[in-house]
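Colleague: This is the structure I have questions about; it appears just below.
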Amino acid sequence: GLIHVSEMSWTKTISDPSEMVNIGDEVEAIVLSIQKDDGKISLGMKQTERNPWEDIEKNYPIGKIVEAEIRNLTNYGAFVELEPGVDGLIHISDLSWIKKVSHPSEMLKKGEKTKAQVLSVDKESKKITLGIKQLSENPWESIEKTMPIGTTVKGVVKKITAFGIFVQLENHVDGLIHINELSDQPIGKIEDIVSVGDPITARVLKIDTENKKISLSMKTDGKKDDIVVGKKKKKTPPKDE
């Protein structure tokens with residue numbers, strides 16, 4: 001009888017029978033069809049085992065939270081094993097609401113276990129997509145309520161660039177203070193005002209939820225309020241009249 005490569009495994013893509021069996025091996029198989037006229041018998045090995053994809057939609061409904069081992073990391077995501085023969089993909093875009101992840105290894109490690117939420121199940125194509133960021137609330141959905149324009153916010157200087165500083169706010173969202181918004185007075189180097197790691201207080205100028213951007217300012221607009229930089233308070237010098 002003939003066991004076609006497509007009938008050897010439910011979960012593996014077999015290109016050559018030697019990947020599963022060797023000459024002389026005894027195997028268990030089920031008769032699939034008999035063609036008396038041609039003297040042919042078709043057999044199947046995979047039919048002797050349960051097809052893990054048969055009840056996949058029932059076992060992994062959309063929204064279900066699972067814990068799985070990370071099997072492989074690629075440029076576009078992480079593959080996890082949900083059960084023997086059933087893998088799922090966590091796409092890189094579904095790792096975090098706020099972090100710009102360039103490679104899954106920045107957040108995940110092969111061999112470790114992670115929790116994720118089932119996003120979609122394609123039984124026919126044998127594909128399951130999962131997400132980690134869906135386990136927490138998307139801060140951008142409520143940011144206009146929690147940090148309306150004009151609100152005073154606190155954060156920590158995360159990065160200094162030629163055009164300004166990036167600040168990680170208390171909700172872990174990053175905001176940008178442009179160099180023109182760092183002080184009411186002309187400045188030389190940004191490093192003369194702040195350093196990476198400094199806690200600061202700033203004011204929300206603009207929120208762009210679509211592009212996930214927040215513009216901040218440390219200017220006082222002529223007010224005699226204190227500007228908090230690091231652990232010190234700097235009195236804003238009055239503008240010349």
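We did not get these values from a lab; they are worked out from the coordinates using the rules stated. Nothing here was measured: the structure is a model prediction, and the numbers come from that model. Every residue, glycine among them, receives a Cβ derived from its backbone with ideal geometry; neighbour counts consider all protein chains shown.
Colleague: So for the chain, taking the charge dipole from beta-carbon charges (+1 Lys/Arg, -1 Asp/Glu), which of Val5, Ile165, Ser136 sits furthest toward the positive end?
Modeller: Result: Ile165, furthest along the dipole toward the positive end.
Colleague: Starting from the exponent 0.38 and prefactor 2.2 Å, build the expected Rg for the chain from its residue count and divide its actual Cα Rg by it.
Modeller: Rg over 2.2 N^0.38 Å, computed on Cα atoms: 1.63.
Colleague: Moving on. What chymotrypsin sites (Phe, Trp or Tyr not before Pro) in the range 129-215 are in a loop by DSSP, with at most 13 other Cβ atoms within 10 Å of the Cβ?
Modeller: Loop-located and lightly packed - Phe163.
Colleague: Distances over 20 Å make up what percent of all Cα-Cα pairs in the range 19-135?
Modeller: When all Cα pairs of the range 19-135 are counted, 54 percent exceed 20 Å.
Colleague: Apply the Karplus parameterisation 6.51 cos²θ - 1.76 cosθ + 1.60, with θ equal to phi minus 60°, to every residue of the range 146-157 and state each ³J(HN,Hα) to the nearest whole Hz, in sequence, with x for glycine and proline.
Modeller: Ordered by residue, 3J(HN,Hα) equals 7, 9, x, 4, x, 5, 8, 10, 10, x, 10, 5 Hz.
Colleague: When the Karplus curve 6.51 cos²θ - 1.76 cosθ + 1.60 is applied with θ = phi - 60°, which whole-Hz ³J(HN,Hα) does each residue of the range 84-93 get, with x for Gly and Pro?
Modeller: x, x, 10, 10, x, 10, 9, 5, 4, 6
Colleague: A further question on this structure: With θ set to phi - 60°, apply the Karplus curve 6.51 cos²θ - 1.76 cosθ + 1.60 along the range 193-208 and write out the HN-Hα couplings as whole Hz, x wherever there is a Gly or Pro.
Modeller: Taking θ as phi minus 60°, the curve returns 9, 9, 10, 4, x, 5, x, 9, 10, 9, 10, 6, 9, 8, 10, 10 Hz for the range 193-208.
Colleague: How big is D for the range 155-196, in µm² s⁻¹ as a whole number, if Stokes-Einstein is applied with the Kirkwood radius of its Cα pairs at 4 °C and 1.567 mPa s?
Modeller: Rounded, D is 124 µm²/s.
Colleague: Positive end of the dipole of the chain, charges at C-beta (+1 Lys, Arg; -1 Asp, Glu), about the Cα centre: which of Met147, Gln185, Leu89 has its Cα farthest in that direction?
Modeller: Of the options given, the answer is Gln185.
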